[in-house]
Amino acid sequence: VSGGRATGAARRAVGAVIVIAGWGLAGCGRTPAALDPAGVQAARVSGLWWLYFGVTALVTIAVLTAAALALFRRANERVADPAAVPQALDRRMGRGIVVAAAVSLLLLGVLLATDFATRRQLAALGGADTLEVSVTGHQWWWEFEYPDTVASRTVTTATEVHVPVGRPVRFALRAADVIHSFWVPRLGGKRDVIPGHPAELTLRADTAGVYDGVCAEFCGHQHATMRFVLVADPPDRFARWLVAQRRPAPDPVGALEQRGREVFLGTTCVMCHAVQGTPAMARMGPDLTHVGSRIAVASATLPNSTGHLAGWIVDPQGIRPGVHMPQNPLGAEDVRALVAYLRSLR
Ligand SMILES: [Cu+2]
């Protein structure tokens with residue numbers, strides 16, 4: 001009976017190991033973003049990660065091997081009196097301990113030194129041509145601002161931030177409410193954003209592309225959906241984007257868009273949103289001046305399409321419960337016009 005129970009337990013243990021290993025391996029289909037660098041900072045961080053991984057893996061293997069050998073030898077030895085360890089063996093063990101301690105110290109020193117070196121390299125990025133972008137973390141969306149000495153040339157956007165390839169960008173980080181953490185895994189390490197403690201993070205994208213950004217510090221209900229996209233453009237393309245974003249919102253092109261603007265200005269939207277060039281100037285929610293040009297909306301949880309926009313405007317609480325945008329019980333025609341207007345804001 002007891003043997004049966006033991007094999008049952010063993011089988012369950014083996015089953016558990018297989019399930020857990022399966023979960024682990026299920027994540028291996030794709031390189032984790034942080035180990036697939038697209039910029040200098042991320043490359044350094046992932047280099048450091050691989051070094052730590054290599055050293056700790058070797059140490060683990062060495063320790064497990066030594067432990068297994070010791071157990072094996074113990075089992076094969078017939079010592080009459082285990083307390084009477086021969087002196088030669090005693091001396092050998094003493095030497096072994098000294099060598100192991102020295103190797104451990106050396107390895108820890110190497111890891112510490114490379115860690116410091118990487119930290120210095122990360123801090124050294126920057127220079128005269130660094131682009132300045134202000135970032136504000138809100139529950140639960142990211143706001144980006146490109147400051148300019150001329151106030152009217154300042155660009156404000158949300159959820160989507162553009163940077164020029166090959167040029168360092170200093171993100172000046174600020175939290176509007178609670179602690180958030182700014183992270184673009186393929187470009188570099190994360191940085192906590194703490195209310196009342198402005199922080200900064202300098203990154204450089206070396207490959208053009210669209211990179212995912214996340215909030216990496218639990219900040220409430222919709223923390224897990226608090227995402228953004230970072231678009232790294234060749235410099236000339238970035239310059240054109242910035243010029244376009246500086247313009248006020250374009251006038252409605254047709255009757256539908258005209259009606260959409262009336263709905264926008266005539267309902268609650270103006271209490272929370274700004275559209276430059278119209279009387280809407282509230283800063284409670286994202287600036288919508290060029291919302292039509294964005295790849296994704298609602299903290300990058302929805303593609304920027306007519307259907308998704310309509311769904312979001314009518315029922316944001318159904319899509320991301322808890323967000324600080326109320327439901328809008330508008331008529332179907334009003335929603336159609338409103339969405340057409342927002343889509344025309346390019
Ligand atoms: Cu968060």
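The values are calculated or read from the model by the stated rules, or taken from the named source; none is laboratory data. Not measured: the values here are computed from a predicted model. Don't worry about glycine lacking a Cβ; one is built from the backbone with ideal geometry, like all the others, and counts go over all protein chains shown. Surface areas here come from the heavy atoms of the whole protein model, side chains and all, with no ligands, DNA or RNA. Shrake-Rupley method; radii C 1.70, N 1.55, O 1.52, S 1.80 Å.
Points worth noting:
- Cβ-Cβ under 9 Å pairs, at least 6 apart or on other chains, region 213-237 side on the phi < 0 side of the Ramachandran plot, far side part of a helix (DSSP H, G or I) and within 7 Å of the ligand (Cβ to nearest atom): C215/H223; E217/H223
- Residue within region 182-192 that is more than 23 Å from R294 (Cα to Cα), within 16 Å of the ligand (Cβ to nearest atom) and in a strand (DSSP E or B) present: yes
- Set side by side, the residues P326, P252, P303, P321 differ, and just one is more than 24 Å from G137 (Cβ to Cβ) and either open to solvent by 40 Å² or more (accessible area, probe 1.4 Å) or modelled with pLDDT under 95 (or both), which is P252.
- T278 vs. criteria in contact (Cβ under 8 Å) with a residue 60 or more places away in the chain and of a type in the set (S, T, Y): no
- Residue, modelled with the highest pLDDT, within region 72-88, restricted to residues that are within 56 Å of the chain's Cα centre (by Cα) and loosely packed, with under 10 Cβ neighbours inside 10 Å: R73
- When region 168-181 is limited to residues that are more than 12 Å from the ligand (Cβ to nearest atom) and in a loop (DSSP other than H, G, I, E, B), the one that is nearest to Q139 (Cα to Cα) turns out to be A176.
- Test: residue in region 141-149 that is part of a loop (DSSP other than H, G, I, E, B) and open to solvent by less than 30 Å² (accessible area, probe 1.4 Å): no
- Hits in region 237-274 (condition: out of contact with any strand residue (DSSP E or B) (no Cβ under 7 Å at 6 or more places or on another chain), not hydroxyl-bearing (S, T, Y) and not in a helix (DSSP H, G or I)): R247, P248, A249, P250, D251, P252, V253, G254, C272, H273
- Flag for A298 being surrounded by 18 or more Cβ atoms within 10 Å (Cβ to Cβ) and on the phi > 0 side of the Ramachandran plot: yes
- Residue ID - most open to solvent (accessible area, probe 1.4 Å), chosen from residues in region 220-249 that are within 11 Å of the ligand (Cβ to nearest atom) and not hydroxyl-bearing (S, T, Y): H221
- Total residues in region 114-139 satisfying the condition of being surrounded by 14 or more Cβ atoms within 10 Å (Cβ to Cβ) and in contact with a Ser or Thr (Cβ under 6 Å, 6 or more places away or on another chain): the figure is 1.
- In the condition set (1) at pLDDT below 90; (2) of a type in the set (D, E, K, R); (3) in contact with a strand residue (DSSP E or B) (Cβ under 7 Å, 6 or more places away or on another chain), R91 is compliant with all but (3).
- Candidate set: region 150-167, residues that are open to solvent by less than 50 Å² (accessible area, probe 1.4 Å) and over 17 Å from L288 (Cα atoms); chosen: the one nearest to the ligand (Cβ to nearest atom): V163
- Taking the listed residues A280, A310, the one that is farther than 21 Å from Q139 by Cα and surrounded by 20 or more Cβ atoms within 10 Å (Cβ to Cβ) is A280, with no other qualifying.
- Only one of H221, H273 that is at pLDDT below 95, touching a Phe, Trp or Tyr at 6+ places or on another chain (Cβ under 9 Å) and not hydrophobic (A, V, I, L, M, F, W, C): H221
- Region 171-201: number of residues that are open to solvent by 20 Å² or more (accessible area, probe 1.4 Å) and in contact with a Lys or Arg (Cβ under 7 Å, 6 or more places away or on another chain): 4
- Residue satisfying all of: in region 205-219; farther than 21 Å from L122 by Cα and not in a loop (DSSP other than H, G, I, E, B); nearest to the ligand (Cβ to nearest atom) among these: V210
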